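Read through the structure below, which is laid out as structure tokens, and then see the notes.
The values are calculated or read from the model by the stated rules, or taken from the named source; none is laboratory data. Bear in mind that the values here come from a model prediction, so they are computed numbers and not experimental data. Positions of Cβ are generated from backbone atoms using ideal geometry, with glycine treated the same way; all protein chains shown enter the neighbour counts.
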């Protein structure tokens, strides 16, 4: 199991979800999708929002909770599959907006829906080796689904930022991590293509379920832990059903999954999904609680983490808006508005 | 494309960076053109709506139905900014607002995406 030399932890966290929603029923109304829907509704970014703006807001909240000046950050790393520029790192703009200093690493990460946790693992390495005092890992996406495709019901928008720092300053210590990867082409997008393609049911058993159960079981075995040792668990959540099914396969109960299960209300926020679930879980967790997180990225791979909440969390979480503040502000839009905003109408 | 202009304005646009006079303590936003005597200071981003108006048909590159406002910042200066995450009929004089960073303009497939400050109603009551 990869283990840094120095113990690390999450010293700050922040969430962001746009305020607009489109219901799955509204999408189904347009495309005759029937009544068996994967979620209730999904978040929709406003016309002035993208991965960069959402990352900035989540990052500001993480800094407020950490009570660390932005100039102390040694890295701002953003995982996303919807970086606004093909060439020009999102991290450059986010770092400037957060007020970081000149001496900083900013880079964009890519691994489908687990790009954010790739940045988290790298942050653990940099802080755990002593090279950096603090590193910010962000997962953010404004996901696109082809009109009428199954993905369109769930492809949503959101961001989550975590600051990794020394364990003795942590709101939750990062006790262990491991990653698994195989070449499994369940979902991909070729260069210059607007929308990704997916393998329908192939995205399930050999992809999402195989990688998450593999990473989860290996982490539990190497820790010598049981699912019951964890108060909460968070999985990547492409829809409402998958995380609940994989939780059952690994031996976790619904009450362990509930606080971090946001997909029914906001959809699949891709690189943000597992990290937003962690933010929502940290919003309610108490000192001593252990939390397991397993992300998933198509292509395919999974990153698993074990965390333990410290007594610094309750005071710190009040320094920034809770995830529920974003879940509760909700303005519904119809399909026509959504299609216009998301560039789904061909003009000229 | 005016790359240099946008680059030069990033401090005020991204961080609401104003200026403070070291002797009088006066706060100025944006920084004065002759800023030699002034020190850069990021403003809090907290303010209230002093006045507002709707831009029904916006200029090229801006969204229609934008709500423009004069925002009185907590530090004193009044600035012109677009409101976001709010409908025109929800805006009130003296409404507390907070700064967020959003896309200001998209200069097209071969141009920059310009980011900067807008203001929205408070997400959480102060």
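Here are some notes:
- Against the test of being in a loop (DSSP other than H, G, I, E, B) and on the phi < 0 side of the Ramachandran plot, the options A:252, A:242 yield a single qualifying residue, A:252.
- Residues considered: B:122, B:104. Of these, the only one that is under 29 Å from residue A:330 (Cβ atoms) and without any contact (Cβ under 8 Å) to a residue 40 or more places away in the chain is B:122.
- All positions within the range B:1-23 that are within 14 Å of chain A (Cβ to nearest Cβ), in contact with a strand residue (DSSP E or B) (Cβ under 8 Å, 6 or more places away or on another chain) and outside any helix (DSSP H, G or I): B:9, B:16, B:17, B:18
- Scanning the range B:58-80 for residues that are within 25 Å of residue A:142 (Cα to Cα) and in contact (Cβ under 8 Å) with a residue 12 or more places away in the chain returns B:61, B:62, B:65, B:66, B:67.
- Some residue of the range A:266-275 being crowded, with 24+ Cβ neighbours inside 10 Å and closer than 19 Å to residue A:8 by Cβ: yes
- Filtering the range B:81-116 to residues that are within 10 Å of chain A (Cβ to nearest Cβ) and surrounded by fewer than 16 Cβ atoms within 10 Å (Cβ to Cβ) leaves only B:87.
- Boolean, residue A:215 is exposed (fewer than 13 other Cβ atoms within 10 Å of the Cβ) and either on the phi < 0 side of the Ramachandran plot or without any contact (Cβ under 8 Å) to a residue 24 or more places away in the chain (or both): no
- Some residue of the range B:30-47 being outside any strand (DSSP E or B), more than 26 Å from residue A:320 (Cα to Cα), under 15 Å from the mean Cα position of the chain (by Cα) and away from chain A (no Cβ under 14 Å): yes
- Unmet requirement for residue A:345, which otherwise passes all of (1) out of contact with any strand residue (DSSP E or B) (no Cβ under 9 Å at 6 or more places or on another chain); (2) assigned to a helix (DSSP H, G or I); (3) more than 14 Å from every other protein chain (Cβ to nearest Cβ): (2)
- Residue among B:45, B:76 that is surrounded by 17 or more Cβ atoms within 10 Å (Cβ to Cβ), over 19 Å from residue A:45 (Cα atoms) and touching a strand residue (DSSP E or B) at 6+ places or on another chain (Cβ under 9 Å): B:45
- Residues being surrounded by fewer than 20 Cβ atoms within 10 Å (Cβ to Cβ), away from chain B (no Cβ under 14 Å) and within 20 Å of the chain's Cα centre (by Cα) - total across the range A:300-327: 1
- Residues of the range A:155-176 classified as under 14 Å from the mean Cα position of the chain (by Cα) and surrounded by fewer than 24 Cβ atoms within 10 Å (Cβ to Cβ), total: 0
- Flag if residue B:26 is modelled with pLDDT of 95 or more, on the phi < 0 side of the Ramachandran plot and away from every other protein chain (no Cβ under 14 Å): no
- Residue that is nearest to residue A:324 (Cα to Cα), among those in the range B:98-124 that are assigned to a strand (DSSP E or B) and over 11 Å from the mean Cα position of the chain (by Cα): B:121
- Check on residue A:206, touching a helix residue (DSSP H, G or I) at 6+ places or on another chain (Cβ under 6 Å), in a helix (DSSP H, G or I) and surrounded by fewer than 24 Cβ atoms within 10 Å (Cβ to Cβ): no
Each row is one residue, and each column tells you yes or no for (1) within 15 Å of the chain's Cα centre (by Cα); (2) within 17 Å of residue B:84 (Cβ to Cβ).
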site	(1), (2)
A:1	no, no
A:20	no, yes
A:28	no, no
A:33	no, no
A:37	no, no
A:43	yes, yes
A:49	no, yes
